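Following: one structure in structure tokens, then a few remarks.
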Number of protein chains: 2
Amino acid sequence: MAGAAPVFVLVAPQMGENIGAAARAMLNFGVSGLRLVNPRDGWPNPKAAAMASGASAVVDGAQVFETLDAALADCTYVLATTARQRELSLPVISPGEAAAAMQSRVTVGERCAVLFGGERSGLSSEDVARADAVLSIPVNPAFASINLAQAALIVAYEWARAGESVILPAGDPLASEPPATREDVARLNDHIEKELDAAGYFFPPEMRDIMARNIRVALTRAGFTESEVRTLRGAVKALAKKGQKQ
Amino acid sequence: MAGAAPVFVLVAPQMGENIGAAARAMLNFGVSGLRLVNPRDGWPNPKAAAMASGASAVVDGAQVFETLDAALADCTYVLATTARQRELSLPVISPGEAAAAMQSRVTVGERCAVLFGGERSGLSSEDVARADAVLSIPVNPAFASINLAQAALIVAYEWARAGESVILPAGDPLASEPPATREDVARLNDHIEKELDAAGYFFPPEMRDIMARNIRVALTRAGFTESEVRTLRGAVKALAKKGQKQ
């Protein structure tokens, strides 16, 4: 599965910390293929390794190239990540569209790459010209400031979502928690109603049915579990008996 | 639009830098309402302001609260962000599902909140018990290491995406019925808890907190309306007084 994921290509990245942070961001969503084009401070970079921490396998496995063309040599579909509009006549797609496009390509054996620019100036038009499409993260036009690791995070997140290549945290804990049956809820309701009758709650008498129905609606819609109904019945019982102890 | 966006609530955040980074992440996707519960280093925090940079309006506008209940008092729908499984009987939803749920709620005037825990230990079970659902970011089970700003980034990103295509809840009978605020639900819960304490319900004593939390979860998740909470408080009052009349 990791072999099929796109490679993330950092073009002229500057600080090692940011390379390490990008590696962490990627691995959170199961993307582990990292390529570097002309990293400013050379390679390997101890700061990248330190920042990568648990994601050090991504940093250790990074491939380094002198040119973007060399880095993309074996790729068939390339996206250039940028927040800005470009003059180039390239389609502009969202992270979600990018993920879907890459997922359908990797299933037929293609190798996809996503380009990310350096911290200072991003991708040059020359870099973008190597891409099939521009991947644009739709940030707030009044405040666009995502960093390299955050851009990588969003692209990897969408990749994982599109492919469900990451196992979702095993669903709904309520699924294993037996829900109350309608009968359970009816008994809870009848119990409350009986105690409320005894307490003289329903007043004036002509409003009784409407008031009782409102309570039934609230309790039924609440979606209690079986054990919650037991708990609440115990609570009602305790409340109804309370005065007798005083 | 910004007024309608969810508020992001940081519970016991530690480093000011991380608060500033979260503010930046939020504003990239148009989320600007920030609330802080017991920030470790007090408030205002110069490090948060420095890190926020262009997003300083978010940091400057942050509201600070002593308790989570106070921070959520005016909210009607609350999500707790966590990567971990919980013992609580709460639905677990993805960031995309969370965004869709919040979008349909804000269109009918509800106020939504998303909780994020502190750097060291995240949200406590007591915090999560205040939520309608758990928002789980589906990270790689073998490497889960997203930080506060990255979690905020993904939730805000999904929020902005969902806003591009809001589907109004068709024919939801609740749409015209104002939902209970968190403060309403907290008062109902406190009322019940007080009466149950007086009734000697919580036994054995060492189980008190867990029993009380189970009731809180059931009542919070129930999605009561404002008038249902009033009705139920009246019912609790009547039950608690019942014995005295006998």
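No lab work stands behind these numbers, since they all come straight from the coordinates. Since the structure is predicted, the reported quantities are computational estimates derived from the model, not experimental observations. Please note: Cβ atoms are built from the backbone with ideal geometry, for glycine as well, and neighbour counts cover all protein chains shown.
With unit charges on the beta carbons (Lys and Arg positive, Asp and Glu negative) and the dipole taken about the Cα centre of chain B, which residue among B:P39, B:L72, B:A49 sits farthest to the positive side? Farthest along the dipole direction, towards plus: B:L72. Relative contact order of segment A:177-245, taken over Cα pairs closer than 8 Å and 6 or more residues apart, is 57 percent. Lysine pair count for chain B (Cα-Cα distance under 23 Å; residues 8 or more apart in sequence or on different chains): 5.
Let me know the shape class of segment B:177-245, please: from the alpha-carbon gyration tensor, a ≥ b ≥ c as square roots of the eigenvalues, rounded when a/c is under 1.5, otherwise prolate if a/b is greater than b/c, or oblate. Judged from the Cα gyration tensor, segment B:177-245 comes out oblate (a/c at least 1.5, b/c at or above a/b). With a 10 Å cut-off around each Cβ of B:26-33, the average count of Cβ atoms from other chains is 4.
Amide H contacts under 5 Å for B:V78: B:A113, B:D132, B:A133, restricted to partners 5 or more places along the chain or on a different chain, H placed in the peptide plane at 1.01 Å from N. Between rounded, prolate and oblate, where does segment A:7-165 land on the alpha carbon gyration tensor, with a ≥ b ≥ c its root eigenvalues, rounded for a/c under 1.5, else prolate if a/b exceeds b/c? Rounded, since a/c falls under 1.5. FRET efficiency for the A:H191 to B:S124 pair, using the beta carbon distance and R₀ = 35 Å, is estimated at 0.60.
Residues of A:217-226, mean number of Cβ from any other protein chain within 10 Å of their own Cβ, rounded to a whole number?
Details: counts 4, 10, 4, 0, 7, 7, 6, 5, 5, 0.
Mean number of neighbouring Cβ atoms from other chains: 5.
Quick one: grab the alpha carbon gyration tensor of segment A:25-80, order the square roots of its eigenvalues as a ≥ b ≥ c, and give me rounded if a/c is under 1.5, else prolate or oblate depending on whether a/b is larger than b/c. Intermediate values should be presented prior to the final figure.
Values: a/c = 2.58, a/b = 1.30, b/c = 1.99.
The shape class here is oblate.
Principal-axis analysis of the Cα atoms of chain A puts helix A:95-106 at an angle of about 70° to the longest axis. Tell me, how many Å apart are the Cα centres for segment B:22-46 and for segment A:23-66? So the separation of the two Cα centres works out to 30 Å. Peptides A:153-159, B:48-54, B:139-145 ranked from most to least packed, by the mean per-residue count of other Cβ atoms within 10 Å: A:153-159, B:48-54, B:139-145. In terms of the mean number of neighbouring beta-carbon atoms within 10 Å, the peptides A:101-114, B:203-216, A:208-221 order highest first as A:101-114, A:208-221, B:203-216.
Determine the relative contact order of chain B: mean sequence separation of Cα pairs under 8 Å and six or more apart, normalised by residue count, in whole percent. Provide the component values of the computation, followed by the final result.
Numbers: 410 pairs, mean separation 56.3, N = 246.
Relative contact order, chain B: 23 percent.
Projecting the Cα atoms of B:G234, B:V185, B:A222 onto the charge dipole of segment B:177-245, computed from C-beta unit charges around the Cα centre, puts B:G234 farthest toward the positive end.
Peptide B:89-100 has a mean shielding of 3, counted as Cβ atoms of other protein chains within 10 Å of each residue's Cβ.
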